[in-house]
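This report refers to the structure that appears directly beneath it.
Only the coordinates and a few stated rules stand behind these numbers; no lab work does. The structure presented is a predicted model; accordingly, all values stated were derived computationally and were not measured. All Cβ positions, even for glycine, are placed from backbone atoms using ideal geometry, and neighbour counts span all protein chains on display.
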Amino acid sequence: MSNTICVLPCNGLDKCAGDISRRVALKLSESEGVELICPVLLNQNKTRYDKILDDGSLSVIDGCNTRCASKLAGSLEIAIKEKINVSEVAKAQNIKLGAAIRDDEEIEDLIQVLLEKMSISGEKQTDSQFIETETVDYDSFSHGKFIFKVPKNNYFFNENDCWVSISGDIARIGVTDYVQQNLSDILYVDSPEIGLEIEQFDELGSIESSKAVFEIVSPVSGTVVTVNDKLDDAPELVNESPYEKGWLVELKLSNFEEDKELLLDFEAYFEFLKRKVAETNV
Amino acid sequence: MSESTFMGVERDRIDWSPRIDFSKCNDCMDCVKFCPHQVFEVNENEKPKLKVKNPNNCVVFCRACSKTCGPDAITFPDKPETTKMIKAIRKAEKEAASDE
C-alpha cells in the first residue's frame, strides 16, 4: 500500500461550512501524496477513483452533521481512515459559522486549526496495560433472526449499551453486541484524545456506520490512556468481536467504586436488554 | 425495575430530551426518521411541524438525533448536571428506604 491520502470533502459549495471544507481540501492537496476526490464525480462514477483508493487511504471532510461526504463513502463501502467535521470543530472553537460564505480572519484561523487536526494523528500513547482473561463466557438470547450475546463475567454495562471491563486500575471500554448489530457495518471509529479526563457518562468518541453515528457514553470516570489503534485499519472488528478484539478505549480509573453503583452487572443487563429488544422493533 | 426507570430512577424525574432551536431547524425531519423511540411528532399542518411529543421516551444520555442534524438545531441538557441529579435522587431514595 502506498501512502496516498485521498481527500473527500463536503460539496456544500453554497454554504459557509462547505466552502471551508473545500478550502481545507485544496490546501491539503498542495502536499505531495495527497489526491482530491470530487464527491459528485465519485457518486457518478466510482471506477474513476478505484485506483487511487485501492492504493491509498480515505480522509473525509464533512461540512456539517448531514455528513454527505461520510454517507457517500459509506454507501460506496469505502472505509474511512480519518475524518473531520468542520461544524463540530468550529463549535469547539466557539466560532459561529452561519450560512453565508465568509472570508475573514476567523475563518482563516479555523482553516489552520482544521489543517493541524488533519495532520496530527497517532499521538503518543502507552501500550495497553490491560490484562485480558483467557476466555470470555457468553450467554445469549434470540429475537427474530437476531442473536444477542452478553459476556457473563468481569463486564459491567451502562443503560446506553456500552461495556466496561476492569484490570487493576485500567478500564477497557466498548459497545455491546446490540449496538454493533443495530448499526450494522462500522465504517469509522472516532477515538478520544489521549490524556482526556472524563466524568462518568461523558462522551468517549463515537462509532459510525452508514446508518448512524453512535456516541460512546463512558461507563466510568478516568483519563484516556490507550485507544485501540487496530480499529483505524479494521473498524469491522467492532462488528466481529464487540466484547474482545473490538474494544475501543482504555481509561485509568479515577473512582470506580462510586461509578459502579450506576452500572449493571451481567444479570441486570441481560434482563434490561431482553426487555429493550422486545419493546423496540429492531 | 420497570421500563420507565433509568438507573433505578423514575424516568419522569429526569429532565433529558432534545431541545429544538426553530430558528435553525430546516424541517428536514432527519431526526424524526432517525429516532426509534417516537420522541418526535410531525404535524404537517402546524408551524413548526416538528414537536417533541414524548420527551420521556428519550434515552437518557443519548444525543444521537443531534448528530444527524445538519443545521445543528438540537441540543440537550448538561450531562454532568444530569448525572449529579440522578445520583442525588438515588441517594435520597436510599436514605428514605433505610429510615423506614
Seminar exercise, completed: Relative to chain B, whose Cα atoms define the longest principal axis, helix B:79-99 and its Cα axis are tilted in degrees, nearest 10, by 30 degrees
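Rounded to two decimals, what is Rg over Rh for the stretch B:5-99 when you use alpha-carbon atoms and the Kirkwood radius? Intermediate results must be reported in sequence, preceding the final value.
Numbers: Rg = 15.7 Å, Rh = 14.6 Å.
Value, to two decimals: 1.07.
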For this session: Compute the distance in nm between two label points, each set 7 Å from the Cα along the Cα-to-Cβ direction, one at A:V113 and one at A:I52.
Result: 2.8 nm
Seminar exercise, completed: Those helices of chain A passing the 15 Å axial Cα length cut-off and the mean Kyte-Doolittle cut-off of 0.0 (DSSP H runs only) are A:16-28, A:105-119
For this session: Quick one: check the C-alpha center-to-center distance for the stretch A:1-22 versus the stretch B:70-100, whole angstrom.
Result: 40 Å
For this session: Rank these for me by crowding, A:S184, A:S209, going from fewest to most other beta carbons within 10 Å.
Result: A:S184, A:S209
Problem set entry | Euclidean distance between Cα centres, the stretch A:180-224 to the stretch A:29-47, Å | 29 Å
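I'd like to know how the protein assembly as shown sits against the 2.2 N^0.38 Å rule of thumb: what's its Cα Rg over that expected value?
Values: Rg = 21.6 Å, N = 382, 2.2 N^0.38 = 21.1 Å.
Scaled against compact globular proteins, the figure is 1.02.
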Problem set entry | Exposure proxy ranking, count of Cβ atoms within 10 Å, fewest first, for A:W163, B:W16 | B:W16, A:W163
Exercise. What whole number of Å gives the distance from the Cα centroid of the stretch B:1-44 to the Cα centroid of the stretch A:254-282?
Worked result: 21 Å
For this session: Go ahead and run the numbers for FRET between A:D127 and B:N45, Cβ-Cβ distance against an R0 of 51 Å, rounding to 0.05.
Result: 0.25
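Stretched out fully, how many nm does the piece from A:Q44 to A:Q93 gain, at 0.36 nm a residue minus the Cα gap? Numbers along the way, then the final one.
Values: separation 49, 0.36 × 49 = 17.64 nm, distance 3.52 nm.
Between A:Q44 and A:Q93, full extension yields an extra 14.1 nm.
Add -39500 (n - 2.57) for each DSSP H run of 4 or more in the protein assembly as shown, then divide by its residues: what number comes out at 222 nm, to the nearest 500 deg cm²/dmol?
Working: 13 runs with 118 residues, N = 382.
Computed ellipticity for the protein assembly as shown at 222 nm equals -8500 deg cm²/dmol.
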Problem set entry | At most 16 other Cβ within 10 Å, DSSP loop - GluC sites (Glu not before Pro), the stretch A:192-282 | A:E193, A:E199, A:E236, A:E244, A:E261
For this session: Calculate the mean, over all residues of peptide B:58-69, of how many other protein chain Cβ atoms lie within 10 angstrom of the residue's Cβ.
Result: 5
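Pop the C-beta distance of A:K152 and A:S184 into the FRET formula with R0 = 30 Å and round what comes out to the nearest 0.05. Each step should come with its number before you reach the end.
On the way: r = 26 Å, r/R0 = 0.85.
My answer for the efficiency is 0.70.
For the ranges B:51-59, A:29-37, what's the packing order if you count other beta-carbon atoms within 10 Å of each residue, average per peptide, and put the highest first? Don't skip to the answer; put the middle values down first.
On the way: B:51-59: 16.3, A:29-37: 13.4.
With the highest mean Cβ count within 10 Å placed first, the list reads B:51-59, A:29-37.
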